[in-house]
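The values are calculated or read from the model by the stated rules, or taken from the named source; none is laboratory data. This one's a predicted model, so the numbers in the text were calculated from it and none came from an experiment. Glycine also receives a Cβ, built like all others from the backbone with ideal geometry; neighbour counts cover every protein chain displayed. Ligands, DNA and RNA are excluded from the accessible area calculation, which covers all protein heavy atoms including side chains. Shrake-Rupley method; radii C 1.70, N 1.55, O 1.52, S 1.80 Å.
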Amino acid sequence: MNYGLVAVYKTIFSIVYGAYMDLISIRDVGLKDIEAILDTTEKIHNKEHEVDLKGKILATLFFEPSTRTKLSFQSAAMRCGMEILDFLPESSSLKKGESFVDTIKTVTGYADALAVRHPKEGSARLAASVSNKPVVNGGDGGNQHPTQTLIDLFSIRKSKGRIKGLNVTLLGDMKHARTMRSLVYGLAMFNANITLVSPKGLEMDPRYLDEVNKKFGLNVKIDNTPNYSDADVLYVCRIQAERFADPYEAQRVQEEFRVKKADLKDAKEDLAILHPLPKINEIESSIDEMPQAKYFEQAHYGIPLRMAVLEYLLR
Ligand code: NCD
């Protein structure tokens, strides 16, 4: 296989068919396509649409821990009639020293689509460039997590009826969380008002915010102390301890940083509290019982959303 040609072929395909064969970054999907994916998700969720991908195989290659992304990709694929190939790094030839690229080049020949998660930024793009099958990024380091963003946008639209013009507060580790980076881009596409709140030193990279600002005229406020009263959506994520150079620093921030039920006393009654999960201790457990807490519902939307994504990539 000529891997330079693979990239050219994928680009031509995307121009001719108006569809992108890979989903590596939320940048890869235009607003129209996002809206179409969210509409299909709604129909699948309401049992008004079935996805038939019988005879196709999804390979899941997760080089980093995962519960929701991997299992919901697998469950979604099975619900589309697909079969699953689960690559497990710890019992694979990776242990003999085989490279990531050789692994992808091999598995590409065994499946019709690949869902890949890896701790290094750029790894999913690299995988796509050596695979002649659609690659979907299940999270590459602190960079991007496009299907999580689609779930988040779907969850917001589902609980608030719209995204445009909403006040969305993102709270957590803006420096390392790929969910936050992807979501800022997605929310900016829909013209939401975004407030970013993070512990000192964990702010989002200003170069990334500049890029989003240039494209969409990002409406963003940056803060170190949250004001919950004007938020329509509160999106929390954990401190990404595994991406810190100093584990003690991660522990210190983790101990300091927590949303308590009492903090939400002035919050809007119809506030939607979202979280990509896993949550560790950044959100007091009594918040789980509040009607505003929508994060488990959000995790379950992963199924119809990923079914819609598989159809989008494999149609
Ligand atoms: C997130 C991830 O892996 O980036 N989890 C997920 O996919 N639902 C969030 C996190 O790990 O904090």
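Among the residues of region 95-114, those that are in contact with a helix residue (DSSP H, G or I) (Cβ under 9 Å, 6 or more places away or on another chain) and touching a residue at least 24 places away in the same chain (Cβ under 8 Å) comprise 100, 101, 103, 104, 105, 108, 112, 113, 114. Here is the figure for region 287-305: residues that are in contact (Cβ under 8 Å) with a residue 60 or more places away in the chain and either of a type outside the set (S, T, N, Q) or loosely packed, with under 15 Cβ neighbours inside 10 Å (or both) total 8.
Taking the criterion of being open to solvent by less than 10 Å² (accessible area, probe 1.4 Å) and in a loop (DSSP other than H, G, I, E, B), the only residue of region 143-162 that qualifies is 145. The selection criterion, being open to solvent by 20 Å² or more (accessible area, probe 1.4 Å) and more than 16 Å from the ligand (Cβ to nearest atom), does not hold for residue 175. Every listed requirement among (1) open to solvent by 10 Å² or more (accessible area, probe 1.4 Å); (2) more than 16 Å from the ligand (Cβ to nearest atom); (3) assigned to a strand (DSSP E or B) is met by residue 125 save one, (3). Scanning region 204-232 for residues that are among the acidic types (Asp, Glu) and open to solvent by 70 Å² or more (accessible area, probe 1.4 Å) yields one hit, 210.
Every condition in (1) open to solvent by less than 70 Å² (accessible area, probe 1.4 Å); (2) within 16 Å of the ligand (Cβ to nearest atom) is met by residue 242 except one, and the failing one is (1). For region 184-200, the set of residues classified as open to solvent by 10 Å² or more (accessible area, probe 1.4 Å) and in a loop (DSSP other than H, G, I, E, B) consists of 190, 191, 199, 200, listed by residue number.
Scanning region 264-290 for residues that are outside any loop (DSSP other than H, G, I, E, B), of a type in the set (A, V, I, L, M, F, W, C) and away from the ligand (no atom under 15 Å from the Cβ) turns up 264, 272, 273, 287.
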